[in-house]
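*Asks:* There's a structure below that I have some questions on.
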Amino acid sequence: MPSIMVRGSWGTLALAVVVLLGAFAGPAAGDPQETPAPSSAPRVTGGGEVTAVAGPEDDQAFFNYTDYEHNALRVLRVRLLGEWRIWQRLSLLGEARTENGDGVQIPALYLRWQPWRDHNFDVQIGRIPPVIGSFPRRAYGRDNVVVGSPLPYQYLISLRPDALPATIDQLLRMRGRGWQPSYPIGSQALGPGIPVVSSFRWDTGAEASWRNQWMELAGAVTLGAPATPVVQDPSDGQQYSGRIAMHAPGGLTVGLSGARGGWINRSVLNLVPESLRGRHNQTVVGVDAEAGVGPWLVRAEWLHSSFELPFVGETVQPAPLVADSAFVEGRYRFHPRWQIAARVDHLGFSTLVGTINNGAPTTWDAPVERVEGILGFRARRNVEIRGGYQYNWRDGGRVHEQGYPTLMGLFWF
Amino acid sequence: MRPTLLHLAIAASSAAALAAMPQTPDTGTIRGRVQIVAAARSTGRPAIADLAPPMVDPIDRRRCVVYLESAPREAFGQLQRARVRMDQRNEQFVPHLLAITVGTTVDFPNSDTTFHNVFSLARGNSFDLGRYPPGKTGGRKFDTPGIIPISCDIHSHMSAYILVFSHPFFAVTDDDGRYTIPAVPPGSYTLMVWSELGRAEPRRVTVADGETVDADFRVAR
């Protein structure tokens, strides 16, 4: 893994976040800081998860491709998790993952420091869990209520951090082609677009989090952007993200989160006039809610993302490109072994005016809707089988609508 | 997982399987120590994606349950309908191992700052208490003997065991592996050990009025 560079302002802000959150989490009377960790604490613990999803080919519509260029409905994913307790309340955590045997990724590798034993406060440094939204922290098999992922976290839109359109028309021509958009400025190699927010890769930086029975607070300073997490800084500036969540009596949690960071690679920005290089940030605001009582679980999430983009060929720069998404999902467990679950999903885009489409306002990418339902069976505590169906609609691209049967086997340990 | 307990608990409910009947109200005691050969502390799967998770203490999986394979007939009529608790604290079930008699209700209070769920897929004892918030308590009455693995659907690293007996002659070992089964009617019994870490050879013991019988075990994988 490449080394993590910490610059002056970056480090200062990270420290500020730590201090701010630390103020909420000061030790109580009795000084629990002095509580020794159990002498027999295990030094290394581990776990894992194997997910096998069998679905049909998707090489015409590409509705379910992920930012790893894998079909989320046709994948064998193996995850290994490990924690090494270096010293009392300091641990090194990591994850190694492979999909379809295509090499090994290290999507997470970070230090977790828990300064006070009796307070849920920690500082995490390295390739860390995302703060924005709620789905990215439960993106994998057992925490995901269906088989597929929500559109904003998986569906590839027609933007690339390493290649830029010069004109609005060049962008509009790529509507519905997020699986492999191509643009004249920057990389000419074939490559995928990006999700609105990446849930399968984590960003690199520092984070401080605190929670109690009523509230959660988290803040992070990292290198990339919500759509483009990185391990080395390829862009100008850092990402600042934060989340506050409130737990209401009765089982309702509502979270508000936001993030802003540079999403375009510096190597591409260097190809555009200096006056336009400031247009490179992605800003995301999200609201998430979760209500769970008894056998019912209902979640909803709304994300509003705007991408700044320099159009070299345009005399008047348009407003940032907006992607709005919302999904609602629910699960009902009607038996200790059986559950049904469904998700309804929408991803929409703001409009631009070019010469295409007779100059009529046109969404800069093709809006997508998705519904998915599953029936799940828990064979053992840690073995689950799900079967279901997913249907997608898209206002553009080669294929405008497509349905997929889904079958997933899940084992964790 | 030891498959013997379920069979034995069922056998214990059968009059045909009962040991010699005590003729006097006097009783004896069985005590001893269970030695665990394998290393036994664990905190389970790491919570990789969590923000501000609680500081998780290692779970002492060395605790065992020592019990009589069968018991006098009278023992089955003396069971009290008790109420005990298995707490959910720092994303762990506390205690990790609970031994109860049939008819006992176990309360599962949520003493954490997050939602919890309690479920088991044990045959004859499957249940799911659903999700409930901090401060709330879910409960379940256990009417069937058996081994019941307990899990949380939200936190996959949480686990516990409840052993349900149809007689009262059992004990959970302490930190040193020691146990005491008091008030055992005189007679000959087979003494068994249940451990999630391994197996121990059963031992045959004879209890006389007012006497204490020592029986040590060694659990190996």
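The values are calculated or read from the model by the stated rules, or taken from the named source; none is laboratory data. Please read these numbers as outputs of a predicted model, since none were measured by experiment. Neighbour counts run over all protein chains shown; Cβ positions are idealised from the backbone, glycine included.
*Asks:* Run B:Ala49 past the list (1) outside any strand (DSSP E or B); (2) surrounded by 22 or more Cβ atoms within 10 Å (Cβ to Cβ); (3) within 14 Å of chain A (Cβ to nearest Cβ) and report the number of the one that doesn't hold.
*Replies:* Status for B:Ala49: all satisfied but (2).
*Asks:* Which numbered condition trips up A:Trp87, out of (1) within 11 Å of chain B (Cβ to nearest Cβ); (2) surrounded by fewer than 17 Cβ atoms within 10 Å (Cβ to Cβ); (3) among the aromatic types (Phe, Trp, Tyr)?
*Replies:* (1)
*Asks:* What's the total number of residues in region B:141-174 that are within 26 Å of B:Thr113 (Cβ to Cβ) and either within 11 Å of chain A (Cβ to nearest Cβ) or in contact with a Ser or Thr (Cβ under 6 Å, 6 or more places away or on another chain) (or both)? Give the derivation first.
*Replies:* Initial filter on region B:141-174 (within 26 Å of B:Thr113 (Cβ to Cβ)): B:149-162.
Among the residues that remain, those that are also either within 11 Å of chain A (Cβ to nearest Cβ) or in contact with a Ser or Thr (Cβ under 6 Å, 6 or more places away or on another chain) (or both) are: B:149-159.
Within region B:141-174, residues that are within 26 Å of B:Thr113 (Cβ to Cβ) and either within 11 Å of chain A (Cβ to nearest Cβ) or in contact with a Ser or Thr (Cβ under 6 Å, 6 or more places away or on another chain) (or both) number 11.
*Asks:* Ok, one more. Filter region A:114-150 down to residues that are crowded, with 18+ Cβ neighbours inside 10 Å and without any contact (Cβ under 8 Å) to a residue 60 or more places away in the chain and give me whichever is farthest from the other protein chains (Cβ to nearest Cβ).
*Replies:* A:Asn144
*Asks:* Suppose the filter is within 14 Å of another protein chain (Cβ to nearest Cβ), within 23 Å of B:Met55 (Cβ to Cβ) and either aromatic (Phe, Trp, Tyr) or touching a Cys at 6+ places or on another chain (Cβ under 8 Å) (or both); does B:Asn117 pass it?
*Replies:* On the way: within 14 Å of another protein chain (Cβ to nearest Cβ): yes; within 23 Å of B:Met55 (Cβ to Cβ): yes; either aromatic (Phe, Trp, Tyr) or touching a Cys at 6+ places or on another chain (Cβ under 8 Å) (or both): yes.
Criteria met by B:Asn117.
*Asks:* Tell me which residues, restricted to region A:340-365, are assigned to a strand (DSSP E or B) and in contact with a Pro (Cβ under 8 Å, 6 or more places away or on another chain).
*Replies:* A:Arg343, A:Asp345, A:His346, A:Leu347, A:Gly348, A:Phe349, A:Thr351, A:Leu352, listed by residue number.
*Asks:* Look through region A:338-350, keep the residues that are without any contact (Cβ under 8 Å) to a residue 60 or more places away in the chain and among the aliphatic types (A, V, I, L, M), and return whichever of them is farthest from the other protein chains (Cβ to nearest Cβ).
*Replies:* A:Val344
*Asks:* Restricting to region A:329-339, name every residue that is touching a Pro at 6+ places or on another chain (Cβ under 6 Å) and surrounded by fewer than 18 Cβ atoms within 10 Å (Cβ to Cβ).
*Replies:* Result: A:Tyr332, single match.
*Asks:* Say whether the condition of being among the charged types (D, E, K, R) and either in contact with a Ser or Thr (Cβ under 8 Å, 6 or more places away or on another chain) or within 30 Å of B:Leu129 (Cβ to Cβ) (or both) is met by at least one residue in region A:259-277.
*Replies:* Scanning region A:259-277, I find at least one residue that is among the charged types (D, E, K, R) and either in contact with a Ser or Thr (Cβ under 8 Å, 6 or more places away or on another chain) or within 30 Å of B:Leu129 (Cβ to Cβ) (or both), so the answer is yes.
Table: residues versus (1) under 30 Å from A:Arg386 (Cβ atoms); (2) modelled with pLDDT of 85 or more; (3) within 14 Å of another protein chain (Cβ to nearest Cβ).
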residue	(1), (2), (3)
A:Ala29	no, no, no
A:Pro32	no, no, yes
A:Gly47	yes, yes, yes
A:Val53	yes, yes, no
A:Ala61	yes, yes, no
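*Asks:* Which pairs turn up if I take residues in region A:243-255 that are in contact (Cβ under 8 Å) with a residue 24 or more places away in the chain and look for partners that are hydroxyl-bearing (Ser, Thr, Tyr) and in a loop (DSSP other than H, G, I, E, B) with beta carbon separation below 7 Å, at least 6 apart in sequence or on another chain?
*Replies:* A:Gly255/A:Ser134
*Asks:* Right, next: Just checking, which of A:Ser149, A:Ser182 is of a type in the set (Ser, Thr, Tyr) and within 21 Å of A:Glu314 (Cβ to Cβ)?
*Replies:* Just one listed residue meets the conditions, A:Ser182.
*Asks:* Sticking with this structure for a sec: Among the residues of region A:287-296, write down those that are outside any loop (DSSP other than H, G, I, E, B) and either more than 14 Å from chain B (Cβ to nearest Cβ) or touching a residue at least 12 places away in the same chain (Cβ under 8 Å) (or both).
*Replies:* Correct list: A:Val287, A:Asp288, A:Ala289, A:Glu290, A:Ala291, A:Gly292, A:Val293, A:Trp296.
*Asks:* Quickly run through region A:151-161 and pick out the residues that are more than 14 Å from chain B (Cβ to nearest Cβ) and either under 13 Å from the mean Cα position of the chain (by Cα) or on the phi > 0 side of the Ramachandran plot (or both).
*Replies:* Listed by number, the residues that qualify are A:Leu151, A:Pro152, A:Gln154, A:Tyr155, A:Leu156.
*Asks:* Give the residues of region A:297-337 that are touching a strand residue (DSSP E or B) at 6+ places or on another chain (Cβ under 6 Å) and within 14 Å of chain B (Cβ to nearest Cβ), sorted by residue number.
*Replies:* Of everything in region A:297-337, those that are touching a strand residue (DSSP E or B) at 6+ places or on another chain (Cβ under 6 Å) and within 14 Å of chain B (Cβ to nearest Cβ) turn out to be A:Leu297, A:Val298, A:Arg299, A:Gly330, A:Arg331, A:Tyr332, A:Arg333, A:Pro336, A:Arg337.
Matching residues to (1) surrounded by fewer than 17 Cβ atoms within 10 Å (Cβ to Cβ); (2) in contact (Cβ under 8 Å) with a residue 24 or more places away in the chain; (3) under 19 Å from A:Leu171 (Cα atoms):
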{"site": "A:Thr355", "(1), (2), (3)": "yes, yes, yes"}
{"site": "A:Pro367", "(1), (2), (3)": "no, yes, yes"}
{"site": "A:Arg370", "(1), (2), (3)": "no, yes, no"}
{"site": "A:Arg378", "(1), (2), (3)": "no, yes, no"}
{"site": "A:Gly387", "(1), (2), (3)": "yes, no, no"}
{"site": "A:Asn392", "(1), (2), (3)": "no, yes, no"}
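*Asks:* Step by step: first the residues of region A:358-407, then only those that are touching a strand residue (DSSP E or B) at 6+ places or on another chain (Cβ under 6 Å) and within 14 Å of chain B (Cβ to nearest Cβ), then the one that is farthest from B:Phe127 (Cα to Cα). Which residue is that?
*Replies:* Looking at residues that are touching a strand residue (DSSP E or B) at 6+ places or on another chain (Cβ under 6 Å) and within 14 Å of chain B (Cβ to nearest Cβ), I get A:Ile385.
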